[in-house]
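The values are calculated or read from the model by the stated rules, or taken from the named source; none is laboratory data. This one's a predicted model, so the numbers in the text were calculated from it and none came from an experiment. Cβ coordinates were reconstructed from backbone atoms using ideal geometry, including for glycine residues, and neighbour counts include every protein chain displayed. Please note that ligands, DNA and RNA were not included when accessible areas were found on the heavy atoms of the full protein model with its side chains. Shrake-Rupley method; radii C 1.70, N 1.55, O 1.52, S 1.80 Å.
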Amino acid sequence: MVTGSDAVTVGVVGVGSLGVRLARQFEELAGSELVALADVSEESLAAAGEELSVPASAQYLDYERMLDDEPLDAVGIATPNGLHYRQATAALDRDLHVLCEKPLATSVEDAHALYERAEASDSTFMVGYQRHFNPAYDLARERWALGDREPRFITGEITHDWQSYYETMEDWRMDPELSGGGHLLNVGTHVVDAILWTTGLTPTHVNAYVDFHDDDQIFDRQSSTIIEFEEGAMANVSDTGIVARTREHVHIWDEEGAVYLEGREWDDRTGMTIDADGTEHDPYSGYDRRLSKGNAFLDAVETGDEPPATALDGLKAVVVTMAAYESGRRNERLSIVDEFPFLDGVFE
């Protein structure tokens, strides 16, 4: 629902660093009003409330009380992965618009159920994949998923430093109920999603080597995943959480050249094109335009248009990621349709 006010009233669930950054956008943007916060930590709530000018009376330890008691139009969810399904479903059940951070869920079954629930709703549902409104990735999507060219060869890589988490095992990311997986699910999902979204290809098989940190094979340290596509293309995704710097690339080739998507740390990603004769164009015009998650979400709420990153996008990324984990556990090539037969039509 949207109230009679011009501004969309928003509550944010989860006030860690990511949640505070998201809440700050809703506080600053002209089209929204940040009215409430929820978190399990009273100390974190108090600190976030002071920074964001949210009074103690609108700070909740129980997110469902916030959903019920506050006059909300929308909710932003920036909690640990394992809570996304339940919290997003609760928001949709109250006819609220939802911006849910990635990943959509920690199992294919929950991701599929949440996708179906979002599809049946009149509310806007957006997943926090910010590459979907990065002009470099838009360039690639226009060329393949929305264009008439066919990718042939794809590589994706992301590196990141999680070494302290593996050493202590004390962070929520190392809690199986809250995290649901390791570095690939938490960070590598950006590259998996980017490949699926920009190419529009149909994944059929996954063959992964996964270096698990724990005996239960939940928390991956690093992995190498081959994704086979119905259209004949192949992607190789490399992911590691045990190196010192964050770097990212997605390189996609077709018969007429390539698009190279590059990033360092968490700066805005940039793009370069390569022609069929090998001529490089770096950077292409427009790569430095930025759009925040909050702004993109509010635009979709206001217009009723599909948001840049949908529940379907979130589901697809979870499917391929969880297939990679299972392939790594079994040490075998895995058929997506055989492993998840209830997904009929998802990748069409």
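Structure summary
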quantity	calculated
For segment 223-348, alpha-carbon Rg relative to the globular expectation (2.2 N^0.38 Å, N residues)	1.29
Pairwise Cα inverse-distance average, inverted: Kirkwood Rh of the chain (Å)	20.7
Convex hull projection area averaged over all views, segment 133-257, Cα basis, nm²	8.3
Loop-located chymotrypsin sites (Phe, Trp or Tyr not before Pro) in segment 249-348 whose Cβ has at most 10 other Cβ within 10 Å (DSSP)	W266
Nearest-0.05 FRET efficiency for D93 and D211, computed from C-beta distance (R0 45 Å)	0.70
Estimated inter-spin distance, T204 and S57, nm [label 7 Å along Cα→Cβ]	6.2
Estimated FRET transfer efficiency (F342, A30; beta-carbon r; R0 35 Å; 0.05)	0.25
Sulfur and carbon atoms: percent of accessible area, segment 266-348 [1.4 Å]	41
Estimated inter-spin distance, E116 and T303, nm [label 7 Å along Cα→Cβ]	3.1
GNM flexibility winner over the chain from A30, A136, A113 (Cα, springs under 10 Å)	A30
Difference of contour (0.36 nm per residue) and Cα-Cα distance, W253 to E109	48.6 nm
Mean accessible surface per residue for segment 85-143, computed with a 1.4 Å probe while every protein chain stays in place, in Å²	33
Separation in nanometres of the label points that stand 7 Å from Cα toward Cβ, at W266 and A46	2.6
Backbone N within segment 186-206 under 11 Å of label point (7 Å from I226 Cα along the Cβ vector)	206
Under 15 Å, Cβ to Cβ, from E167 - net charge with Lys/Arg +1 and Asp/Glu -1	-2
Of all DSSP beta bridges in the chain, antiparallel share, percent nearest 5	60
Span-rule helices in the chain, defined as complete DSSP H runs reaching 18 Å or more along the axis (Cα) with Kyte mean at least -0.5	311-330
P(r) tail fraction, segment 23-114 - alpha-carbon pairs more than 22 Å apart, %	26
Apportionment of accessible area to carbon and sulfur, segment 71-142, percent (1.4 Å)	41
